[in-house]
Amino acid sequence: MSKLILAVNAGSSSLKFKIFEVPSEKVITSGLFERIGHHDGIFKIKAPGGEVKRVLPLPNHEVCVSELTTALIDLKIITSIDEIDAVGHRVVMGGKYYPDSVLFTEEVARRVESLIPLAPLHNGPNLTGYHAFKSVLPDVAHVAVFDTSFHQTMSEEDYLFPIPYEYYTKYDLRRYGFHGTSHKYVSEEVTKLHNGVYQNTIVCHLGNGASITAVKDGKSIATSMGLTPLGGVMMGTRTGDLDPSLMYFAAKFDNKTLDEVYDIFNKKSGMLGISGISNDSRDVENAALAGNKRAQLTETMYARRVADYIGQYHIRLHGANAIVFTAGIGENVPAMRKNIINEVKDAMGIILDDETNNITRGGKYGLITTPESKVKVFVIPTNEELMIVRDCMRLLEQ
Ligand code: ADP
């Protein structure tokens, strides 16, 4: 019998949703709320007659949930809210506790809350979203799907930082890694493309946030993000890996508090910090094409940071045989993919097929290397919501 499952991704000022029919995995509707907390919030939802967009006050997440339930019925997407059989929630930080998705019980909610100090920007809003949907749908199964779960297979050598060991035992300060749902989804797609045979895969999830993961035998063995999503490669506004003393000197020379420097490293660095133009790769690319030197430098730096991780993980995997690009930049920016591959192609024996690289964008799947290439490079659009829904199904069947 078919069921409807709602996948939710609640952020501090946005809430994205997608409803799937299972087992067909057909998308019934999707949409988002933006500018939560503002009187001119935005609500977009796909309806049978086309996309509906409204501008309305969105004081909090509860109002979004109530607007959504009303719209689902008014737009004849469902006839009653009782048709929804389960809700899957993205939770960014599961700490060391969740190697897999779990039923979102009150005990899990308390643990997610206890992890807020380690993920202040994410776990609070994720939990607010859960409570808002739980109050409207108290009797259906709610499932928590953690960004960190997929990376729980890393070994101690990879997840520990070389700081006093007590910081790990006392405060759980270690690498957790993020975007796990995406890395798992695209690496599983690679396995499917090879008739179920695991490939030594390097996944490059390049969105506004970006992370690289080495996947062996279907498991994450190393990933670039660290304790928080600030670590790893350079991103839209985040620094990625740094010499830790930069925190000290930036605070000292610029007369800033630790909190202020942390904020600058999270929100004003990366592509935005170097280019001085934007965190959006489209703006940086346009400026670079128009001859702006700092935009050109931003693009080269970004490509090199990603390539450095690819090189490192190629070695860790004792030879990668697949690289996958996914997320906003990975799926849509052929020039950036080429820049990255150019840095590693000689060492790895990669031969890019320029023509397929150039046309593989806008949600297209593709193999963008020639048959002679020693390592295959794929573009695979990520689908975190589908993974959330699959996990809900799996847990409901248990
Ligand atoms: P996140 O989910 O981390 O917020 P996304 O995966 O949506 O981010 O990626 C956002 C980045 O991808 C931005 O830098 C944006 O410029 C780039 N991007 C997204 N879509 C496109 C597109 N169609 N063409 C070019 N760049 C795009």
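The values are calculated or read from the model by the stated rules, or taken from the named source; none is laboratory data. All of these numbers come straight from a predicted model, not from anything done at the bench. Please note: Cβ atoms are built from the backbone with ideal geometry, for glycine as well, and neighbour counts cover all protein chains shown. When the accessible area is computed, the model is the full protein with side chains, heavy atoms only, and any ligands, DNA or RNA have been set aside. Shrake-Rupley method; radii C 1.70, N 1.55, O 1.52, S 1.80 Å.
With respect to the stated conditions, residue 351 is under 26 Å from residue 216 (Cα atoms), among the hydrophobic types (A, V, I, L, M, F, W, C) and out of contact with any Gly (no Cβ under 6 Å at 6 or more places or on another chain). Checked against the criteria, residue 97 counts as crowded, with 17+ Cβ neighbours inside 10 Å, without any contact (Cβ under 8 Å) to a residue 40 or more places away in the chain and either touching a Pro at 6+ places or on another chain (Cβ under 9 Å) or not polar (S, T, N, Q) (or both).
Scanning the stretch 229-254 for residues being closer than 20 Å to residue 159 by Cα and out of contact with any Lys or Arg (no Cβ under 9 Å at 6 or more places or on another chain) gives a total of 4. For the stretch 314-358, give me each residue that is among the hydrophobic types (A, V, I, L, M, F, W, C) and more than 16 Å from the ligand (Cβ to nearest atom). Listed by number, the residues that qualify are 315, 317, 320, 322, 323, 341, 344, 347, 348, 350, 351, 352. Listed conditions (1) farther than 22 Å from residue 141 by Cβ; (2) modelled with pLDDT under 95; (3) not acidic (Asp, Glu) are all met by residue 80, apart from (1). Scanning the stretch 257-269 for residues that are of a type in the set (Phe, Trp, Tyr) and buried (at least 18 other Cβ atoms within 10 Å of the Cβ) yields a total of 1.
Kindly check whether there is at least one residue in the stretch 209-232 that is open to solvent by 30 Å² or more (accessible area, probe 1.4 Å), under 17 Å from the mean Cα position of the chain (by Cα) and at pLDDT below 95. No - not one qualifying residue is present in the stretch 209-232.
Taking the conditions exactly as written (open to solvent by less than 20 Å² (accessible area, probe 1.4 Å), within 14 Å of the ligand (Cβ to nearest atom) and within 21 Å of the chain's Cα centre (by Cα)), does residue 361 satisfy them or not? It is false that residue 361 is open to solvent by less than 20 Å² (accessible area, probe 1.4 Å), within 14 Å of the ligand (Cβ to nearest atom) and within 21 Å of the chain's Cα centre (by Cα).
Among the residues of the stretch 275-287, those identified as part of a loop (DSSP other than H, G, I, E, B) and near the ligand (Cβ under 8 Å from one of its atoms) are 279, 280.
Yes or no, residue by residue, for (1) part of a helix (DSSP H, G or I); (2) more than 28 Å from residue 155 (Cα to Cα); (3) at pLDDT 95 or above; (4) of a type in the set (Asp, Glu):
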residue: 291; (1), (2), (3), (4): no, yes, yes, no
residue: 306; (1), (2), (3), (4): yes, no, yes, no
residue: 313; (1), (2), (3), (4): yes, no, yes, no
residue: 318; (1), (2), (3), (4): no, no, yes, no
residue: 346; (1), (2), (3), (4): yes, yes, yes, yes
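Among the residues here, residue 272 qualifies as open to solvent by 40 Å² or more (accessible area, probe 1.4 Å), part of a helix (DSSP H, G or I), modelled with pLDDT of 95 or more and within 12 Å of the ligand (Cβ to nearest atom). Reported count of residues in the stretch 189-208, each being in contact with a helix residue (DSSP H, G or I) (Cβ under 6 Å, 6 or more places away or on another chain) and open to solvent by less than 40 Å² (accessible area, probe 1.4 Å), is 8. Filtering the stretch 217-229 to residues that are within 16 Å of residue 96 (Cα to Cα), among the hydroxyl-bearing types (Ser, Thr, Tyr) and within 16 Å of the ligand (Cβ to nearest atom) leaves 223, 228.
Confirm whether residue 330 is small (Gly, Ala, Ser) and in a loop (DSSP other than H, G, I, E, B). Here the answer is no, as residue 330 does not meet what is asked. Within the stretch 240-248, not a single residue is open to solvent by less than 10 Å² (accessible area, probe 1.4 Å), over 25 Å from residue 326 (Cβ atoms) and either of a type in the set (A, V, I, L, M, F, W, C) or more than 14 Å from the ligand (Cβ to nearest atom) (or both). Looking across the stretch 373-389, just one residue is open to solvent by 60 Å² or more (accessible area, probe 1.4 Å) and in contact with a strand residue (DSSP E or B) (Cβ under 8 Å, 6 or more places away or on another chain), and that is 376.
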